[in-house]
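Take a look at the structure below.
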Amino acid sequence: MSIAGLVTALLVGVAMGLLGRLVVPGRQEAPIWLTVSVGVVAALAGTIVARLAGVETGALNLLTLVIQVGLAGSGVVLVVATAGPDPSDSP
């Protein structure tokens, strides 16, 4: 993974982590650090998946970006949707 690929993955992950909280309205229980972390890890995983699929990840590539955004977005939405108090904790 090149420096450009790593920086792109980090930027995509942070952006998706911040925007993912807006996708699921009314569910803001997940801490911001968690959504950003999940976004970054998923975007890095997107780079790895793209590289395994044979996509050139050395420079900014649209297909790599789409894979990163897809994995980061779905990961963040999953975390935001499932975060919150456990229903069994309520009286």
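Kindly indicate whether T82 is modelled with pLDDT of 75 or more, open to solvent by less than 50 Å² (accessible area, probe 1.4 Å) and of a type in the set (S, T, Y). So T82 fails the test. Per the conditions (1) part of a helix (DSSP H, G or I); (2) touching a residue at least 12 places away in the same chain (Cβ under 8 Å); (3) exposed (fewer than 15 other Cβ atoms within 10 Å of the Cβ), the sole criterion not satisfied by V66 is (2).
Six or more apart or on different chains, Cβ atoms under 7 Å: show the pairs whose first residue is in the stretch 42-59 and of a type in the set (A, V, I, L, M) and whose second is at pLDDT 85 or above and surrounded by 15 or more Cβ atoms within 10 Å (Cβ to Cβ). That search, which allows pairs on different chains as well, returns nothing. Number of residues in the stretch 5-56 that are modelled with pLDDT under 75 and open to solvent by 20 Å² or more (accessible area, probe 1.4 Å) equals 9.
The values are calculated or read from the model by the stated rules, or taken from the named source; none is laboratory data. Owing to the predicted nature of the structure, the values given are computational and were not obtained by experimental measurement. All Cβ positions, glycine included, derive from the backbone under ideal geometry; neighbour counts span all protein chains shown. Heavy atoms of the whole protein, side chains included, go into the accessibility calculation; ligands, DNA and RNA do not. Shrake-Rupley method; radii C 1.70, N 1.55, O 1.52, S 1.80 Å.
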